[in-house]
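This report concerns only the one structure given below.
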Amino acid sequence: MTAPSAETKMQFLFALRSRGVTDPLVLDAMEQIDRGHFVRGLFAERAYEDTPLPIACGQTISQPSVVGLMTQALQISPRDTVMEVGTGSGYQAAILSKLARRVYTIDRHARLVREARQVFEQLHLPNVTSMVGDGSHGLPEQAPFDRIIVTAAAEDPPGPLLAQLKTGGIMVVPVGQSDAVQTLIRVQKTETGLQYDELRPVRFVPLLEGIGKDT
Ligand code: SAH
């Protein structure tokens, strides 16, 4: 992998800003984490385009502007513990690691977790812990979390994840019945209950049950 040129980097950040990623801390984290590390093979040369790309196991690395908007919606502070469901390439988790104290990320495909772990090591991101499992049950042993991000689409925000969110916490999750388009939802847990906001239409691979067969 070769580092992107200054011009490529500038265009990448410009695309993020023009699509609404304006939080300077999020932009800074996205400038620090080179997406080229997370895209392999044929698609590597397209790593700096604002588009989702295929990764192993029939999954996708999300579109950078969507990664930015979801991260921005989480309003992470440096002391937060964040859980991500859907490690995929590890790109989103790496960005979270620059903003939060601790990141737990889980994926149902062992191969994706193995490959993402290698990149976390290479980039020296010791505050990311990755594991293999069905993330729809969350991580009861590490709970509760200040922030939760789900990067696969669910029909409803999974109950166990809502239960593992701290009061005052925020969760973002794509929700919808259809494979074609879902709505990105932000859930805030307050003293008096859950408050839901619809953020924007998005397109994610589905949140599936159980452990995946690696391909
Ligand atoms: N955040 C990723 C992209 C996620 S793609 C990135 O930055 O690259 C969605 C991921 O969710 C896939 O890797 C898929 O294997 C995973 N996934 C789907 N259902 C899951 C579940 N129940 N538990 C854990 N991971 C799941």
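The values are calculated or read from the model by the stated rules, or taken from the named source; none is laboratory data. In this text the structure is predicted, and so the values were computed from the model without any measurement. Methodologically, a virtual Cβ is constructed for each residue, glycine included, from the backbone with ideal geometry; neighbour enumeration extends over all protein chains shown. To get the accessible areas, we keep the full protein, side chains included, count just its heavy atoms, and leave off ligands, DNA and RNA. Shrake-Rupley method; radii C 1.70, N 1.55, O 1.52, S 1.80 Å.
Overall, segment 1-63 carries a charge dipole of about 160 debye about its Cα centre when +1 sits on the Cβ of Lys and Arg and -1 on the Cβ of Asp and Glu, all other atoms neutral. In order along segment 104-118, the phi-based Karplus estimate (6.51 cos²θ - 1.76 cosθ + 1.60, θ = phi - 60°) of 3J(HN,Hα) comes to 10, 10, 9, 9, 7, 9, 4, 5, 5, 5, 4, 5, 5, 4, 4 Hz; Gly and Pro are listed as x. The alpha carbon centroids of segment 81-99 and segment 137-194 are separated by 15 Å.
Counting only helical runs of four or more DSSP H residues, what would the 222 nm mean residue ellipticity of the chain come to if each run contributes -39,500 (n - 2.57) and the total is spread over all its residues? Let's see the in-between values first.
On the way: 6 runs with 58 residues, N = 215.
That comes out to -8000 deg cm²/dmol.
Rounded to the nearest 20 debye, the dipole magnitude of the chain is 260 debye, with +1 charges on Lys and Arg beta carbons, -1 on Asp and Glu beta carbons, and the Cα centre as origin. The value of relative contact order for segment 30-93, using C-alpha pairs under 8 Å at least six residues apart, is 31 percent. Measure off, as a whole percent, the carbon and sulfur share of the 1.4 Å-probe accessible area of the chain, all protein chains present. After summing per-atom areas, the C and S share lands at 51 percent. Of the residues V85, L16, P201, the one whose Cα sits farthest toward the positive end of the charge dipole of the chain, with +1 on the Cβ of Lys and Arg and -1 on the Cβ of Asp and Glu, is L16. The H on the amide N of V205, modeled in the peptide plane, is under 5 Å from the matching H of A153, each at least 5 residues off or on a different chain.
Mind ranking 87-95, 37-45 by how tightly packed they are, going by the mean number of other C-beta atoms within 10 angstrom, highest first? Provide the component values of the computation, followed by the final result.
Working: 87-95: 26.8, 37-45: 15.7.
Answer by packing, highest mean first, reads 87-95, 37-45.
The angle between the Cα long axis of helix 6-18 and the longest principal axis of the Cα atoms of the chain comes to about 30 degrees, rounded to the nearest 10.
The packing ranking of peptides 161-170, 19-28, highest mean first, is 161-170, 19-28, where packing means the average number of other beta carbon atoms within 10 angstrom of each residue. Using a Cα-Cα cut-off of under 23 Å, which lysines could be cross-linked to K189, ignoring same-chain neighbours fewer than 8 residues away? In chain and number order, the partners are K166. Rolling a 1.4 Å probe over the heavy atoms of the protein chains gives segment 93-215 an accessible area of 49 Å² per residue.
A cut-off of 5 Å between modelled amide H atoms, ignoring neighbours fewer than 5 places along the same chain, links E84 with Y104, T105, I106, I149. Length available on full extension from A3 to K166: 0.36 nm per residue minus the Cα-Cα distance, which gives 54.8 nm.
Put simply, the amide H of L184, placed in the peptide plane, has neighbours under 5 Å in V175, L199, R200, V202, leaving out anything fewer than 5 places away on its chain. Distance between the pseudo-spin-label points of Q142 and F14 (7 Å out from Cα toward the beta carbon): 3.8 nm.
Measuring nothing but how far apart in sequence close Cα pairs (under 8 Å, 6+ apart) lie, relative to its length, the chain scores a relative contact order of 16 percent.
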